[in-house]
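For reference, the structure discussed in these notes is given below.
The values are calculated or read from the model by the stated rules, or taken from the named source; none is laboratory data. Treat the numbers as computed from the prediction; the structure is a model and nothing was measured. As a convention, Cβ positions derive from the backbone with ideal geometry for all residues, glycine included, and neighbour counts pool all protein chains shown.
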Amino acid sequence: MVVEITAPKLTDHDLEHLVSRVFFKAIDLLGGLHKLAEYRALTWLPALARASFVIVLREEYLKTEEEIAKILGIAKSTVRNILRADPQLALYKIQHIDELTKEEKKQLKVHTAGGIAKLAYKFVKEGEEAQVLLEYCRELSAKAVQACDAPWAYIVLKNIKGLKYPVTSPEPLKEKLAGLTIKGIPAEEVVENISYPIKNPAQLLHEIKEYLEMKGV
């Protein structure tokens with residue numbers, strides 16, 4: 001029996017959405033825009049965006065090198081270099097960029113962008129979004145629940161600003177929510193009894209809500 005694997009249908013909206021998430025995660029892996037500015041590497045951003053498109057088109061939509069080159073209007077050799085990039089080597093070079101020669105730094109762009117984009121895609125598919133996107137979601141969620149009948153949710157979101165995800169233990173939340181009560185229950189107790197890891201603000205609110213319902217409040 002032969003099982004035929006078919007790629008998802010390519011739509012502009014879905015493609016842009018996933019590429020954007022991979023792109024922001026790539027920036028996240030590089031230490032953020034501030035770190036790129038320190039590297040004097042803000043000119044890498046177009047290369048990172050291009051690499052994010054290449055990786056998503058290859059991994060998510062099973063496009064060939066030739067098809068990707070045609071879609072993006074770039075050379076097939078550029079696509080090949082991105083796809084062949086070593087993620088761990090790229091990350092190592094970024095972490096040791098100050099030790100590289102000028103010539104080595106010049107060669108970094110395509111290979112580094114490809115490797116970082118591969119890592120970013122992997123993390124996004126595993127549910128680890130870019131910190132900047134999670135923080136943006138937190139702010140939007142806080143504004144949305146402020147007017148609703150869930151004041152505890154607004155207080156939680158307001159106080160977890162800057163929280164790093166994924167959250168794998170109660171300690172970071174205890175620190176952020178110290179001294180607060182959630183519907184009459186100490187926040188420390190609540191976060192001790194929810195499931196981890198927490199990958200984003202929405203999941204945190206869901207876990208807290210389930211615990212409150214279990215307590216009957």
task: Could you grab the pairs with beta carbons closer than 9 Å, sequence gap of 6+ or different chains, first residue in the range 124-143 and closer than 19 Å to Glu59 by Cα, second one at pLDDT below 80?
output: Glu129/Cys137
message: I need a count of the residues in the range 165-177 that are out of contact with any Pro (no Cβ under 7 Å at 6 or more places or on another chain) and assigned to a loop (DSSP other than H, G, I, E, B).
response: 4
task: Considering only the range 178-205, state which residues are farther than 17 Å from Leu134 by Cβ, touching a residue at least 12 places away in the same chain (Cβ under 8 Å) and either part of a strand (DSSP E or B) or touching a helix residue (DSSP H, G or I) at 6+ places or on another chain (Cβ under 7 Å) (or both).
output: Leu180, Ile182, Lys183, Ile185, Glu188, Val190, Val191, Asn193, Ile194, Ser195
- prompt: Filter the range 117-143 for residues that are among the charged types (D, E, K, R) and closer than 17 Å to Lys164 by Cβ; which is modelled with the highest pLDDT?
  reply: Glu126
task: Can you confirm whether the range 74-81 contains a residue that is outside any helix (DSSP H, G or I) and at pLDDT 90 or above?
output: yes
- prompt: Just wondering, is there one or more residues in the range 48-65 that are touching a Lys or Arg at 6+ places or on another chain (Cβ under 6 Å) and surrounded by fewer than 19 Cβ atoms within 10 Å (Cβ to Cβ)?
  reply: yes
field: Count of the range 152-172 residues which are surrounded by 21 or more Cβ atoms within 10 Å (Cβ to Cβ), within 20 Å of the chain's Cα centre (by Cα) and over 20 Å from Leu133 (Cβ atoms)
entry: 0
